[in-house]
Amino acid sequence: MAGAEIVLRGGRVVDPESGFDAVADVAIAAGRVAAIGTGLPTAPQEADATAMVVTAGFVDLHSHVSDLAGLRLQALDGVTTALELEAGVSPVQAAYQAVAADGRPVNYGFAASWAQARMTALAGFPADGSVATVLRRLGDPAWQGPAGPAQLTALFGRLAQDLADGALGIGVLLGYAPEADPEEYLRVAGLAAEAGVPTFTHARDLIEMRPSAPVDGAEEIVRAAGQTGAHMHYCHVNSTSQRHIDRVLGLVGRAQAAGSRISTEAYPYGSGMTAIGASFLAPERLGERGLVPSSLTYAPTGERVASEARLRELRQADPGGLAVIEMLNEDDPADLLLLRRSLTFPGSVVASDAMPLTWTGPGDPLAWPPAATAFTHPRTAGTFCRALRLLTRGDEPLSMARALAKCSLEPARLLEDRVPAMRRKGRLQAGADADVVVFDPATVADRATYADSIRPSAGIRHVLVNGAFVVREGAIVPGARPGRPVRAEPR
Ligand SMILES: [Zn+2]
């Protein structure tokens, strides 16, 4: 035990893998958990964890956040690893280099980006490895159409290079290019299968929403898993399925039972958020999702979109501007149950779809706390603590260990085949990475709302990343940037 730098003293230690759940001390040395036991010797730094849960930090498979303030909000929600997997980035090498130069409070990693590779191959937009660039161009029809043979060669060459450079999988924003050839998608899945990494798909429209779709979005994911053997990860199954969640989960469950590798994730909010220029937010397509212009709140001004004409104007002037989209109503118990079912579905993991902050006025993105002019979807700041609140309280609560597994162990396992670092995350055991969250189980809860979107979650006492405090006594540690890159081992 000599050499421990930090001891978290006397907390309720919960390891979602072994099921260990008992009061103990946790000793940390050299970025790893050194020992778990009672009466461990004192260390230079001691933190009291009495009456707190001490467990593995949360692994967020779906975060579009790259700004410091947004990452700090995530840390205050218990997140110690925030990965950009659904949109992905290209080239991944550029993304890893840019982040390494700045440092981050939490661990980071990227999938290759089908959309960004397509934006270059089809539209000639330069790829810079930045998610902001993908979001800005999301609504541009120039990258969304059918691809010719030379374009496909360039696109698949780019994806293969990103996989060779350690991309964690392939992100596929298929729902944003609804006329893309289903054969192209199968080829993407085939490439991922060869590389032994998952795809992360924002599904195409469901047939109930868009009878003219070339294929049903859910059937397509299931079919790709069956035909290529790829591990298909179904992103935010809540928001792309809406009231069809039972049909979609039924389909996924049958395919899983038949041996396909399909995993799912969800965030417990009824509204979504994306670029206002997204193809499915075109005025003539709103009806497919039962939306009207006023279902959208345009983030930069906070306005509810008043009319089709205003929607057209905003899509034209600022296609990458973010909007909150009201879909399910969280205050309606029936809708809340749909969200709950998307979370409690076997193997479904909690993932935030955290969004970059939009500045509605002057504000310093490096300042903490962020100025009140910062706006985002409350899922950015609140997803994990909200999930814990919904899953561990109320009717038919899950055990603490089971709920925590959906936040840490299960997302880590989903990636660990080709990502060695993931075998040491999501667990709280001797030898595990010291990514640790310490929270009060009696008070842990989200506090961010649509009106006050940057309120940090309550009840998070300490957060450590690679053995360094990022949150201490409930407060952000200024200057702490212990996050490390997470990469796949290429085959
Ligand atoms: Zn998405």
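The values are calculated or read from the model by the stated rules, or taken from the named source; none is laboratory data. None of the values given here were measured: they were computed from a predicted structure. Glycine also receives a Cβ, built like all others from the backbone with ideal geometry; neighbour counts cover every protein chain displayed.
Summary of computed values
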{"quantity": "Test: residue in region 279-286 that is within 16 Å of the ligand (Cβ to nearest atom), buried (at least 21 other Cβ atoms within 10 Å of the Cβ), under 30 Å from residue 448 (Cα atoms) and of a type outside the set (Asp, Glu)", "calculated": "yes"}
{"quantity": "When residues of region 33-62 are limited to those that are in a loop (DSSP other than H, G, I, E, B) and under 30 Å from residue 373 (Cβ atoms), the one nearest to the ligand (Cβ to nearest atom)", "calculated": "61"}
{"quantity": "Those helices (runs of 4 or more DSSP H) lying entirely in region 84-137 with at least 2 residues over 18 Å from residue 165 (Cα atoms)", "calculated": "114-123, 131-137"}
{"quantity": "Matching option when the condition is at pLDDT 95 or above and in a loop (DSSP other than H, G, I, E, B), among 428, 464", "calculated": "428"}
{"quantity": "Residue selected from region 63-108 under the condition surrounded by 24 or more Cβ atoms within 10 Å (Cβ to Cβ) and farther than 27 Å from residue 364 by Cβ, by the criterion farthest from the ligand (Cβ to nearest atom)", "calculated": "92"}
{"quantity": "The one condition in (1) surrounded by 22 or more Cβ atoms within 10 Å (Cβ to Cβ); (2) in contact with a Ser or Thr (Cβ under 8 Å, 6 or more places away or on another chain) that residue 126 fails to fulfil", "calculated": "(1)"}
{"quantity": "In region 322-373, the residues that are within 16 Å of the ligand (Cβ to nearest atom) and in a loop (DSSP other than H, G, I, E, B)", "calculated": "327, 328, 348, 351, 352, 353, 355, 356"}
{"quantity": "Listing of helices (runs of 4 or more DSSP H) fully contained in region 151-242 that carry 3 or more residues being more than 16 Å from the ligand (Cβ to nearest atom)", "calculated": "182-195, 217-228"}
{"quantity": "Selection count where residues are surrounded by fewer than 17 Cβ atoms within 10 Å (Cβ to Cβ), of a type in the set (Asp, Glu) and within 12 Å of residue 269 (Cβ to Cβ), scope region 313-329", "calculated": "0"}
{"quantity": "Near pairs, Cβ below 6 angstrom, 6+ apart or cross-chain, from region 405-425 (assigned to a helix (DSSP H, G or I) and modelled with pLDDT of 95 or more) to any residue that is crowded, with 21+ Cβ neighbours inside 10 Å and hydroxyl-bearing (Ser, Thr, Tyr)", "calculated": "414/263"}
